[in-house]
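*Asks:* I'd like to ask you about the structure that follows.
The values are calculated or read from the model by the stated rules, or taken from the named source; none is laboratory data. These numbers come from a predicted model, not from an experiment. Neighbour counts run over all protein chains shown; Cβ positions are idealised from the backbone, glycine included. Only protein heavy atoms, including side chains, enter the accessible area calculation; ligands, DNA and RNA are left aside. Shrake-Rupley method; radii C 1.70, N 1.55, O 1.52, S 1.80 Å.
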Amino acid sequence: MPDIFGQTSSLTVFLGIAGVGFLFLVLTLVFGEIFEHFDGHDGDTDGGDGPSFFSPRVLAVFTTAFGATGAICIQYGFGTAASSVAGFLSGGFFGTLIYWFAKFLFGQQATTSVGNQDMVGRTGRVVVAIPAGGVGQVRLQLGEEIVDKIAKANSGEGIASNTPVTVESVLGEVVVVRPA
């Protein structure tokens, strides 16, 4: 049996590692979320705080930088061990750089979800009259978003349609209002 590993140079190994990393990077860029389940978070790759350091893209950049730097060092006459250390440091640097860039991009995302506490203290208008002891509907503008909510009066008295009201509290899906 021929010894094919004895004939493989360190340069070839490093270039192979760089090629595999680059191929995996291209695949994750083209197919996106398909590979996201490999980062160990059961499909939740951001953990609520941003991307994971072990996301496929970060690992692909690490692998590519490791292989490429190792190959460059071999070409400049460094030994395999020194080239491996340089490749590891380079991979760590570029992987960290990509991680922080992805974290920055994640932080730039906006959300349009309106929390219950965002409504307390806001002024709106009754769009469906609130009968005494019953519920109606109010419309609030929160930033650029208009929200219609089921409402009841805090005093239990009726409030006519088109009356300005202020939200005092939120009980589940119902807002408690008083005339403004």
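Yes/no per residue for (1) over 17 Å from S10 (Cβ atoms); (2) out of contact with any strand residue (DSSP E or B) (no Cβ under 6 Å at 6 or more places or on another chain); (3) modelled with pLDDT of 90 or more:
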| residue | (1), (2), (3) |
| --- | --- |
| A60 | yes, yes, yes |
| T63 | no, yes, yes |
| Q75 | no, yes, yes |
| M119 | yes, no, no |
| T123 | yes, no, yes |
| V127 | yes, no, yes |
| G136 | yes, no, yes |
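*Asks:* Could I ask something else about it? Check S161, S155 and return the single one that is more than 30 Å from F53 (Cβ to Cβ), touching a Lys or Arg at 6+ places or on another chain (Cβ under 8 Å) and not in a strand (DSSP E or B). Give the steps one after another, and end with the answer.
*Replies:* Working: S161 fails: touching a Lys or Arg at 6+ places or on another chain (Cβ under 8 Å).
Exactly one residue qualifies, and that residue is S155.
*Asks:* Can you tell me which residues in the range 95-107 are more than 14 Å from the chain's Cα centre (by Cα) and open to solvent by 90 Å² or more (accessible area, probe 1.4 Å)?
*Replies:* Listed by number, the list holds a single entry, L97.
*Asks:* For the range 77-94, how many residues are surrounded by fewer than 18 Cβ atoms within 10 Å (Cβ to Cβ) and under 18 Å from A18 (Cα atoms)?
*Replies:* Filtering the range 77-94 down to residues surrounded by fewer than 18 Cβ atoms within 10 Å (Cβ to Cβ) leaves 77-82, 85, 88-89, 92-93.
Right, trim to under 18 Å from A18 (Cα atoms) and you get 78-82, 85, 88-89, 92-93.
Number satisfying all stated conditions: 10.
*Asks:* Based on this model, can you work out whether Q141 counts as open to solvent by 70 Å² or more (accessible area, probe 1.4 Å), within 30 Å of P51 (Cβ to Cβ) and either of a type outside the set (S, T, Y) or in contact with a strand residue (DSSP E or B) (Cβ under 7 Å, 6 or more places away or on another chain) (or both)? Spell out how you get there, then give the answer.
*Replies:* Numbers: open to solvent by 70 Å² or more (accessible area, probe 1.4 Å): yes; within 30 Å of P51 (Cβ to Cβ): no; either of a type outside the set (S, T, Y) or in contact with a strand residue (DSSP E or B) (Cβ under 7 Å, 6 or more places away or on another chain) (or both): yes.
Spelling it out, it is not the case that Q141 is open to solvent by 70 Å² or more (accessible area, probe 1.4 Å), within 30 Å of P51 (Cβ to Cβ) and either of a type outside the set (S, T, Y) or in contact with a strand residue (DSSP E or B) (Cβ under 7 Å, 6 or more places away or on another chain) (or both).
*Asks:* I would also like to ask the following. Say whether the condition of being surrounded by 14 or more Cβ atoms within 10 Å (Cβ to Cβ), among the hydroxyl-bearing types (S, T, Y), in a helix (DSSP H, G or I) and at pLDDT below 95 is met by at least one residue in the range 32-45.
*Replies:* No.
*Asks:* Quick one: in the range 57-76, which of the residues that are under 29 Å from the mean Cα position of the chain (by Cα) and of a type in the set (S, T, N, Q) is surrounded by the fewest Cβ atoms within 10 Å (Cβ to Cβ)?
*Replies:* In this case the residue turns out to be T63.
*Asks:* Determine whether F24 is at pLDDT 85 or above and in contact with a Pro (Cβ under 8 Å, 6 or more places away or on another chain).
*Replies:* So F24 fits the description; yes.
*Asks:* Give the range 77-88 a look and list any residue that's over 16 Å from T12 (Cβ atoms) and either without any contact (Cβ under 8 Å) to a residue 12 or more places away in the chain or touching a His at 6+ places or on another chain (Cβ under 6 Å) (or both), or say none. Give the steps one after another, and end with the answer.
*Replies:* Start the filter on the range 77-88 by keeping residues that are over 16 Å from T12 (Cβ atoms), which leaves 77, 81-82, 85-86, 88.
Once the filter is applied, which keeps residues that are over 16 Å from T12 (Cβ atoms) and either without any contact (Cβ under 8 Å) to a residue 12 or more places away in the chain or touching a His at 6+ places or on another chain (Cβ under 6 Å) (or both), the range 77-88 yields G77, A81, A82, V85.
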